[in-house]
1. Please figure out what share of the DSSP beta bridges in the protein assembly as shown is antiparallel and state it in percent, rounded to the nearest 5.
2. Taking one equal scatterer on every alpha-carbon of the range B:38-137, how large is log10 of I(q)/I(0) by Debye at q = 0.19, 0.21 1/Å?
3. Quick one, can you get me the convex hull of the C-alpha atoms of the range B:129-195 expressed as volume per residue in Å³?
4. Give the percent of DSSP beta bridges with both residues in the range B:620-731 that are antiparallel, rounded to the nearest 5.
5. Quick check: net charge around B:Asn162, other residues with Cβ under 12 Å of its Cβ, Lys/Arg +1 and Asp/Glu -1?
6. What's the average, rounded to a whole number, of partner chain beta-carbon atoms within 10 Å of each residue's beta-carbon in B:42-55?
7. Please report, in whole Å³, the volume per residue of the convex hull around the C-alpha atoms of the range B:130-242.
8. Among the listed pairs A:Lys27/A:Lys89; B:Lys23/B:Lys566; A:Lys89/A:Lys116; A:Lys56/A:Lys172, which have their C-alpha atoms separated by more than 25 angstrom in this model?
Amino acid sequence: MQLSDQRSIKADPATVWAAILDPEVLKACIPGCESISGNPQDGFEAVVVQKVGPVKARFTGQVTLSEMVPEEGLKITGEGKGGPAGFAKGSAQVTMAREGEGTLLTYAVDAHVGGKLAQLGSRIIDSFTRKMADQFFERFQQAVEGPEEEVELAEAEPGAEAPATEKKGWFKRIVSR
Amino acid sequence: MPKDGGIGASTKRREDIRFLTGKGRYTADINLRGQAFACFLRSDVAHGRINGIDTSAAAEMPGVLAILTGEDFKEVGGNPTGWLVQSRNGETMKEPKRPVLAHGKVRHVGDAYAMVIAETFEQAQDACDAITADIEELPAIVDMAAAVADASNRVHDEISDNIVFDWGWIEDNRAAVDAAFAAAPHVTTLELVNNRLSPNPMEPRASIGDFDPGTGDYKLYTTSQNPHLSRLLISAFVMGIPENKLTVIAPDVGGGFGSKIYHYGEEAAVLAASKLLNRPVKWVCDRSEAFMTDAHGRDHVTKIELATDMEGNFLALRTETLANVGAYLSNFATCTPTFLHGTLMAGPYKTPHVYVNVKAVFTNTVPVDAYRGAGRPEATYSIERVIDKAARELGLDPWELRAKNFLTTDQFPYTTPVGLVYDTGNYHATLDKLGEMIDRNGFEARVAESRARGKLRGFGLSTWIEACGIAPSNLVGVLGARVGLFDSATVRVNATGNISVLVGAHSHGQGHETVFAQVISDKLGVPASSIEIVHGDTSKIPFGMGTYGSRSLAVCGSAMVKAADKIIAKGKKIAAHMLEASEDDIVFEDGAFSVTGTDKQKTFGEIAFSAYVPHNYPLETLEPGLEETAFYDPSNFTYPAGAYGCEVEVDAETGRVEIVSFTCADDFGNVINPMIVEGQVHGGVAQGIGQALMESVRYNEDGQLLTGSYMDYAMPRADDLPNITVDHSCATPCTHNPLGVKGCGEAGAIGSPPAVVNAVLDALHRGGITHVTHIDMPLTPSRVWAAING
């Protein structure tokens, strides 16, 4: 299936670009990601556990980044084998554009599944793919710019620094510290 | 009045007592001492090159006894094709090897490439999951037109165009057909898709291989519609096990609809594994496996053209079809779209010129083969749809247009332009009967009443004919069949007068145990309750060809009658001796042999007893015993026909179609059990309505099966179906078999899809939605809505 969407992220393209190349960010953003290793140049090895309809599977596979143009865009390609559940593979063409102080992230996702997963039927797979993509970019957005104010407050640990007037995602906090 | 329990009685199905009380014994119910379990590892890509299979981790798993791959079956034969078809240019069709387990390449999702045998099924399944295979995915070939247009990507590397054959029927007709089209005042053209279907018998396939190391004998318990055919294929082509060392047993089988005609690789695999391990090996298919391995049905893309004059007289008919055979040739994949399809293109009409072209195409999908109707539904759908379109274009009533072009009773026997000889029929009679049954005069009022409720009502007609009672062996031999299509029966009269009838046909839902007993009861005057029908075990029954193509009663029933006639003839000899009369003076009636014109008689039971206790018996001239076998090879096909009418209501706002009524006027020749005949028609119509409105197998562009469960493959349920009214009173008995029967098993599935689609289009046109000339099946609400709003 194919889907496309866009998100406005309150961070400049340089920050967004750095985030997208960071394995820790990827690990945090890929729903169900158990581990990830590697680097942007050689690609990443990832283990992802997901439940699709009645099928629960641990996917092991590669994530490669290509067509990389710093601060403008890249292509994220993933292919995972889920053992008896079948396989999933897909790509996201991501483009970044400066939008005022922030970045407009546009993505077009193309996803394919095979084996038992495919037999779950397009209704389940399409909605699952959409959910996965939404979650990924939602988490990415949060990682970069931080969650909503109240969430941030609720999560603030006692004795921690007073929240900055400008909310920061954990990634931004790390890079700006 | 029919005799109680004899021919013509609506005897209740005796087998239903065990089926409905859970006492049926299906293959999966059979557990043999010491059995191991098999699980198959199946491809999850549609097309790929097998670079390596690593079974080492799996082999270490608990309970694993053996792991076999395609490499292990490299030396055994392929699963053959039962019918050789020649292309128009005289070339023989392409026939790639179909291995027991995939070797070199996997060619469809579900293609098995490894097999694990373990102590339990769960262990086998776990070990399958531990096998790692390096399968290099290749682009999938899914769309037939694309497969033909660009054959740089090939399902079978050695077949350069992805085409099995390019068949013309009849090629010599072609010039005359083209000339008729060139001169025709009007030509109606229609392009349509006959949607791909999954057979979905209630019982999934299952097989148990049981090798006896003491005797060297093999036994295969399996879900087959034709155990002798399976034995022949396994023996002579695949495994090389001599037929006398292999017994195939198909016990109770829960439906087949064609899908259990074929020999499948799993059967050979469990036999081989059983030999390897010296243990029985059992495999039971799950529903997901069934969706991706049971041979699918239909899947034709057709362009049909009908040439007429302006008064609607049919002048010529021409079709071009792409027929999907899937990744491998299933046993009858080549005759289904050809000799079971092209030969029916004359329909019940006197169209003088007909030409059919079929290209069969390999794709990376499950093999496609015969499914209830097999080729004949495809033919009927094309013809009946184009006739309705022609009627609309010519401004003629589709009912009158058909009647005008029907063959008339004085034309039989009639040789069609596509090679069949219809022996008898009366197509006007069934059409008239349908007219009586459906209250044609009240239709306009019903349309108005529906309209008042915001619904569009329409009526659809379909008049169908099929060639069944398959088949005259010498004829099909000329046409390329590699098997004979006779059938056989042994009537074994036991010493105490009860009877075992051992039949070559196989009952997997048809009710043979009831109907066949009725025939023998009627013939021999023995109560049906004293007659046992034995089928499905090659070690018991004579060599028979099984059940498909609405053939059981017409072919095997005829063999039973022949065998019973031999019993009567022998009984007369015995009676003549016992009654001290001339054999010529003995008459057999109502279960008794008597000397004509006297009250001297011997009952059937007395004769039977005498045959086995031959104290007073003509031993010098006659062998003891009372058991006769007959083989029957039909001299022609049988030609049931009928007229089906469907009324629908369409909700133009949502595109939803509701079938209001479905009415069948059939000519099945003589009918043995009216209740069972009506039940067969009901079932067939339900499947036809399923095809017309709901069912469709879908693959995506990667060759992934999207309709792999009942979440996505819509089967009709009781509330999707109307009351179905069936009449079979317009009988023209078959002229060439002793019972005068024609066969009824497939009729409903053949005649109903075009009636439904014609009805929906009629509803739209009556509702002023005249831009819609065709909607491809299934007519789901979204398709109908899109057509209305397109």
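1. 85 percent
2. Rounded to two decimals, the profile gives -0.90, -1.03.
3. So the per-residue Cα hull volume is 169 Å³.
4. In the range B:620-731, approximately 75 percent of DSSP beta bridges are antiparallel ones.
5. Here the charged neighbours net out to -2.
6. What the average comes to for B:42-55 is 2.
7. 273 Å³
8. In this structure, B:Lys23/B:Lys566; A:Lys56/A:Lys172 lie more than 25 Å apart at Cα.
Read-outs throughout are calculated quantities, based only on the coordinates presented, and are distinct from any laboratory measurement. Keep in mind the model is a prediction, meaning the values are calculated, not measured. In this analysis, Cβ positions are derived from the backbone assuming ideal geometry, glycine residues included, and neighbour counts consider all displayed protein chains.
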